[in-house]
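Novice: Could you have a look at this structure, given as structure tokens, before my questions?
The values are calculated or read from the model by the stated rules, or taken from the named source; none is laboratory data. Please read all numbers here as calculations on a predicted model, not as lab measurements. Neighbour counts are summed over all protein chains in view; Cβ atoms, including those assigned to glycine, are modelled from backbone coordinates with ideal geometry.
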Amino acid sequence: MIRLYGFNTQNTLKALYVLEESGLDFEFEYVDLAKGEQRSDEFAQKSLMRKVPLLEHDGEFLFESGAICRYIGNLTEPSVYPVDKMQRARVDQWMDFFSCQLGRWLTTIFYETVIKKHFNLGEPDAALVAEGSKFVGQQLKVLNAHLADSEYLANDVLSIADLFAFAYVEQCRAIEWSLTDVPNVEAWLNRIESRDSVASARARFPD
Ligand SMILES: N[C@@H](CCC(=O)N[C@@H](CS)C(=O)NCC(=O)O)C(=O)O
């Protein structure tokens, strides 16, 4: 039995998009972070981290969205997480690029300008938003150049890297970051968004 515990922010969405794309049977359990459900004793018994996403598979638990996406990728079609060493490294390369660079900075801006407001956590840190905006601008151009020659991030085929990255880049809408000057990124975003897996994942959340 596979069960994903999560909330509707980018870290859970990465794992949920990959799970939906995989075609594996799974359950989704909503953990309402706004109500502090991740801090319950019951949840702590499953994960010492008390964070989501958390994957449960036949009684084993796994945290960290990247590890979860790779694990699911290993359970499914080789093309979404290839076995060839260089092809797999290219998937990992783009996942790391998003975790450590573009996605990291988009999430910083999202946290400062959207989450803080939503959860009444104070004013955005203007210096951090400015620093993040500088890197997002630079790194979106890098991504745009890469996507000029390819419809997908790695190996010219959909992989877990695309779904993982999509969860970060879709935050551009909430932070009102226009993608019109990076049209290849915008086209890629729309391409991934049109997949049934994305619609199915979104339908898992309460209204
Ligand atoms: N690096 C972790 C980050 C996990 C994380 O920070 N999750 C947030 C939601 S996006 C969370 O559960 N926060 C609840 C808390 O910190 O109490 C991953 O990629 O899974």
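Novice: Just to be sure before I move on: is F119 under 17 Å from N11 (Cα atoms), within 16 Å of the ligand (Cβ to nearest atom) and not β-branched (V, I, T) in the structure I sent?
Specialist: On the way: under 17 Å from N11 (Cα atoms): no; within 16 Å of the ligand (Cβ to nearest atom): yes; not β-branched (V, I, T): yes.
No.
Novice: Give the residue, chosen from S65, S22, S40, that is within 18 Å of the chain's Cα centre (by Cα), outside the structural domain of L158 (by TED's automatic domain parsing) and free of Cβ contacts under 8 Å to residues at least 60 places away in the same chain.
Specialist: Working: S65 fails: free of Cβ contacts under 8 Å to residues at least 60 places away in the same chain; S40 fails: within 18 Å of the chain's Cα centre (by Cα).
Answer to the check: S22.
Novice: A further question on this structure: Mind checking which helices (runs of 4 or more DSSP H) fall wholly inside the range 1-96 and carry at least 2 residues that are more than 9 Å from the ligand (Cβ to nearest atom) and of a type in the set (A, V, I, L, M)?
Specialist: 10-22, 65-75
Novice: Can you name the condition, by its number, that L4 falls short on among (1) under 15 Å from I160 (Cα atoms); (2) modelled with pLDDT of 95 or more?
Specialist: Here L4 meets the rest and fails (1).
Novice: Determine whether L143 is under 17 Å from Q101 (Cα atoms), in the same structural domain as L102 (by TED's automatic domain parsing) and under 19 Å from the mean Cα position of the chain (by Cα).
Specialist: Working: under 17 Å from Q101 (Cα atoms): yes; in the same structural domain as L102 (by TED's automatic domain parsing): yes; under 19 Å from the mean Cα position of the chain (by Cα): yes.
It is true that L143 is under 17 Å from Q101 (Cα atoms), in the same structural domain as L102 (by TED's automatic domain parsing) and under 19 Å from the mean Cα position of the chain (by Cα).
Novice: Which of the following residues is touching a residue at least 24 places away in the same chain (Cβ under 8 Å) and outside any helix (DSSP H, G or I): E151, E176, E123? Break it down into steps so the answer makes sense when it comes.
Specialist: Details: E176 fails: touching a residue at least 24 places away in the same chain (Cβ under 8 Å); E123 fails: touching a residue at least 24 places away in the same chain (Cβ under 8 Å).
The conditions single out E151.
Novice: Might you let me know whether the range 113-127 holds any residue that is under 28 Å from V83 (Cα atoms), loosely packed, with under 14 Cβ neighbours inside 10 Å and out of contact with any strand residue (DSSP E or B) (no Cβ under 7 Å at 6 or more places or on another chain)? Walk me through how you get there before you give the answer.
Specialist: As a first pass, look at the range 113-127 and keep what is under 28 Å from V83 (Cα atoms): none.
Scanning the range 113-127, I find no residue that is under 28 Å from V83 (Cα atoms), loosely packed, with under 14 Cβ neighbours inside 10 Å and out of contact with any strand residue (DSSP E or B) (no Cβ under 7 Å at 6 or more places or on another chain), so the answer is no.
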